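These notes concern the structure reproduced below.
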Amino acid sequence: KVMTNLGYTTEEAAAAIKTLDLGVRGLPTSLSGIASALQNIAPSSKSLSEATSLTLALNNALLAGGQSADIQATAMTQFSQAISKGKPDMLEWRTLAVAMPGQLDQIAQSLGYGRGEWQKMAGDVSDGVLPFEKVKQAIVTLNKDGLGQFPSFAEQAKNASGGLNTALTNANTAITRGIANVIQALGTTQITGAIVAIGNACKEGFEVDLQSRTEWESD
């Protein structure tokens, strides 16, 4: 519904969510979390499909960085918001460097910079020398193809997410996905209507009880 409010068709939104769902399976990323990032990235992209690919690529790069979930989530939030405003400032670049230093260096190298020159790349983006669009394209390309001896971001993400914590997170995510499928099968409108009806019934019951008690105390 949020995506349709941004001007995309129901079919486009459904396809994007399905792509995100398939893209994060086996990874410690919730569908709701990555969908929130997509909402930030989509308005500045040429299409919802392009935004979906970039969102998945950025998520994989952050997972490949191997930092804590909190650091990854902060970087995803800040950088997706930076994408929505056009280009990141140096603070947002540094947030990315903390979360995925090796992968940020790979992005810079893929654009012709030397090892450890991500700050020069960031400066060129800020100065308009390097279009930020090329950086986004590089992230998507590296997610699929990798760079030289480096595997793709998608493969790096899987390699970095093979521990016990990831397994436990994936189990929890699978339960959430199953509940979502049940809700989808029953229909959100019907479920929402039932919850509202229960709420109204409780409200009326409390009002009747309060009125009866007031009358009893008056007698």
*Among the residues of region 94-105, is there at least one that is free of Cβ contacts under 8 Å to residues at least 12 places away in the same chain and open to solvent by 10 Å² or more (accessible area, probe 1.4 Å)?*
yes
_Search result, residues across region 39-68 that are open to solvent by less than 40 Å² (accessible area, probe 1.4 Å) and not in a helix (DSSP H, G or I)_ = 45, 65
*For region 113-134, state whether one or more residues are out of contact with any Cys (no Cβ under 8 Å at 6 or more places or on another chain) and within 30 Å of residue 1 (Cβ to Cβ).*
yes
*residue 78 versus (1) at pLDDT 95 or above; (2) open to solvent by 50 Å² or more (accessible area, probe 1.4 Å); (3) not aromatic (Phe, Trp, Tyr): which is the lone unmet condition?*
(1)
*If we scan region 5-28, do we find a residue that is assigned to a loop (DSSP other than H, G, I, E, B), surrounded by 15 or more Cβ atoms within 10 Å (Cβ to Cβ), in contact (Cβ under 8 Å) with a residue 40 or more places away in the chain and within 12 Å of the chain's Cα centre (by Cα)?*
yes
*Restricting the search to region 115-139, which residues are assigned to a helix (DSSP H, G or I) and open to solvent by less than 50 Å² (accessible area, probe 1.4 Å)?*
118, 121, 122, 123, 124, 125, 132, 135, 136, 138, 139
_Residues located in region 83-114, provided they are within 21 Å of residue 148 (Cα to Cα), within 19 Å of the chain's Cα centre (by Cα) and not in a helix (DSSP H, G or I)_ = 100
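The values are calculated or read from the model by the stated rules, or taken from the named source; none is laboratory data. The shown structure was predicted, so the numbers you read here are calculated from the model rather than taken from an experiment. Cβ sites come from the backbone with ideal geometry, for glycine too, and all protein chains shown count toward neighbours. Protein only, heavy atoms only, side chains kept; ligands, DNA and RNA dropped before computing areas. Shrake-Rupley method; radii C 1.70, N 1.55, O 1.52, S 1.80 Å.
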